[in-house]
Each structure stands twice: as C-alpha cells, then as structure tokens.
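The values are calculated or read from the model by the stated rules, or taken from the named source; none is laboratory data. Keep in mind that this is a model prediction, so the values were computed, not measured. With ideal geometry, Cβ positions are generated from the backbone for all residues, glycine too; neighbour counts draw on all protein chains shown.
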Amino acid sequence: MRAAQLFRRIVLFVIPGYLLVVVGCLATAVDKAFVGHVSSLQLASIGPASSVYEMWTQTIRAINGAQLALLGSPPAEMSRASIRAVGFVYMTSAGLFGGIAAFVMAPSAVRWFGASSEMFPFAMAYLQVRAFFMVMGRVRDSCNVVCLAEKDSVTPFVASVIAFVANVLGDLLLCPKYGAFGAAVATDVATSVAAGFTLQSLRNSGLWPKKFPCPGRRESRHFAKYAFNLFLSAVALLMILISETRLASKMGTTSGAAHQILDAIWRIAGLSLSLPMEWAGQTFLSKDLTGAEWRHIASVISAASMCFSILSAGCVLAFLRFRKRKFFLSQICGPFQARILR
C-alpha cells in the first residue's frame, strides 16, 4: 500500500478516535462549568473525588490496551472471539471490584487527596455516585475496544456524541439544584447510554460474544504480558496528575477550582491525542507484517502523530494568546505553560 493511501487510512481512523476522546473531555469540562456556576467550592471538590476515581479507572484500562493488542495480533491458541469474551469478563470484574473499593475507601481517600472539611461532603457525594456506576464505564470501554480492533472508530465516536448530549441535558436538569452530585448522576447516566448503544451495535454486527468463559491460566498469561507494562505507564502518569490535584486542593478553593479548569484544557489539548495514536499503533501494527511493512506503517503513524501534535500545540498557544485576564494568567496559564514545557 502506498504511503499516501496508508496515511489517509490512519488519519481516517485517528480523527474519529480523537473526536471520541475530545467529546469525553468536553463532557467533563461541561460538568465542571455547570458545577462551577453553582459553587467554586463544589468545583474544587471534584478534584480530589475524580483523582480517587481515576486512580482505579486509569489502571483498569491497562486491560483495554492488552485486549486491543491481542485482537490486533491474536496468539495461536486464542481466537478473536475468545479474546473479546475474556476481555469483557476481565473489564467488568475489574470495574465491579474497583467500584466497590472506591466506594468503601471514599471518606479517607478524598481527604488524603486534599479535600478540605468544606469540600468533603461534596467530594463524597460525587465520588460515591461515580463509584457505584464504575462498571458501566468499563462495559463501554470493552465494547469500544472491540470496535477499534475492527478499525471502526466511528461507532464509539457516535456513542460518545449521544452520551455528550445526554450529559448536557442531565447537567441542565440536575446541576442547578444538586451541584456536584447532579453532575455525577448525569455523567453516569450518559455513560450507561453510550455503553448500551455500542453493545447493541456489536450485537447487530455479530461481534458480541455468545459465551463468557471463566479465564484460565493461559488467557491470564497472555493478557498479563501486555497489561503489565501498560499498568506501570498508567501508574506513572497518575502519580503526576494526582500529586498536582492534591497540592492544588490543599492550597485552597480558588487554586483547586483553577486547577480543575486547567485540567480540562490539558485533557482536550494534550491527553486526547495520545490515546487514538496508541490505538492506531495497536490496530495497524500486527505481528503478521514483514519487517519492511512494519517499519513502513510505523513511520506513517509517526508522521500522522507529528501532524496532530503540531495542530494540538497550535491550538493551545492560540488559546493562551487570546486569554489575557489577570486572574486567568496567574491562576491557570502559568501552571498550564509549565505543563506544556515538560
């Protein structure tokens, strides 16, 4: 395949994947905007609560990465159907365990992550709702992985748009009265809608597993081979993000609220690009390629990644250039520029 054609295929895969992640980040930003309109204190309280929640979800997603890698290069003793089924079992089990753990540890965890006495009740309300529905997010993630393995990034994107609309409607109805608690309910209902849409799409295409066997030692070994390194990478990133949230929350309500705005901007401009490029690598770089083919595809993915990185950096710099308010520059742009330069 010529480089131009391959570049086009990869870009057409990455763009919906990028928009999928951006829409998810926008939903989070909308939640924070609605909550911030109600109370800066409640906005700041989302920081410690979401850090505890993401401590579980981001590490669990190592299973997603392993499942996508195995579907792209299935081992001889495992069929793609069995990989889909086992991956779903692992993800839902991890979601149930993580949700229960986050719910139980919520009181001590939100305090450790920097929630003050004033933030505590709002952080607790937000975290316990998110923890209760954590498994639905993992169902959605597992369904998305199956779609991505088929080089279909459009279905997860459409599901995310539907969820975004549902989330905004939920925020409109719930946030003015219930604040952070209402935002959590709206987010989890929207996540459940997205999971249901993607699951039904897999049923219609015949990709939904008919049986869900209990994973054995062989399946566990294959998943662990990929998931372990992804887990370590996720933990390293989490330590950075969590330490920032903890310090910002301990500095007070204003700094905590400003950090949440910063975090939403960074996720849209930076984090949203890394995931679809990772998916592209796992999907297009299969083990049945020759050495020359692998290097060719890898170089095209690198070129696409460079183009998207330049675009993302340009958007960030344009944003910083046109935001001149003194409060914004002092509370948000300063740490944001520091993060860009890392």
Some residue of the stretch 129-137 being part of a helix (DSSP H, G or I) and within 16 Å of Leu275 (Cβ to Cβ): yes
Pair list, Cβ under 9 Å, 6 or more apart: the stretch 72-101 residue acidic (Asp, Glu) and surrounded by fewer than 15 Cβ atoms within 10 Å (Cβ to Cβ), other residue at pLDDT below 90 and in a helix (DSSP H, G or I): Glu77/Arg218; Glu77/His222
Some residue of the stretch 190-198 being without any contact (Cβ under 8 Å) to a residue 40 or more places away in the chain and farther than 21 Å from Val21 by Cβ: no
In the stretch 106-118, residue surrounded by the most Cβ atoms within 10 Å (Cβ to Cβ) [restricted to those that are within 22 Å of the chain's Cα centre (by Cα) and aliphatic (A, V, I, L, M)]: Val110
Criterion: farther than 26 Å from Cys147 by Cβ and either within 21 Å of the chain's Cα centre (by Cα) or modelled with pLDDT of 75 or more (or both) - qualifying residue of Ala280, Ala318, Ala292, Ala303: Ala292
Failed item, numbered, when Ser192 is tested on (1) farther than 30 Å from Gly36 by Cα; (2) polar (S, T, N, Q); (3) at pLDDT 90 or above: (1)
Some residue of the stretch 198-205 being loosely packed, with under 13 Cβ neighbours inside 10 Å, in a helix (DSSP H, G or I) and at pLDDT below 90: no
Residues satisfying the stated conditions in the stretch 158-174, i.e. surrounded by 22 or more Cβ atoms within 10 Å (Cβ to Cβ) and of a type outside the set (Gly, Ala, Ser): Asn167, Asp171
Residue list for the stretch 170-189, filter: touching a residue at least 12 places away in the same chain (Cβ under 8 Å) and either touching a Ser or Thr at 6+ places or on another chain (Cβ under 9 Å) or within 11 Å of Phe34 (Cα to Cα) (or both): Gly170, Asp171, Leu172, Leu173, Leu174, Cys175, Pro176, Gly179, Ala180, Gly182, Ala183, Thr187
Of all residues making up the stretch 103-128, the number that are hydroxyl-bearing (Ser, Thr, Tyr) and part of a helix (DSSP H, G or I): 2
Any chance Arg84 is within 20 Å of Cys214 (Cβ to Cβ) and not polar (S, T, N, Q): yes
Candidates Leu232, Leu169, Leu262, filtered to the one that is hydrophobic (A, V, I, L, M, F, W, C), at pLDDT 90 or above and part of a helix (DSSP H, G or I): Leu169
Residues (within 16 Å of Leu202 (Cβ to Cβ), among the aliphatic types (A, V, I, L, M) and out of contact with any Lys or Arg (no Cβ under 8 Å at 6 or more places or on another chain)) located in the stretch 82-110: Ile83, Val86, Val89
Every residue from the stretch 68-85 that is within 23 Å of Leu232 (Cα to Cα) and touching a Phe, Trp or Tyr at 6+ places or on another chain (Cβ under 7 Å): Leu68, Ala69, Leu70
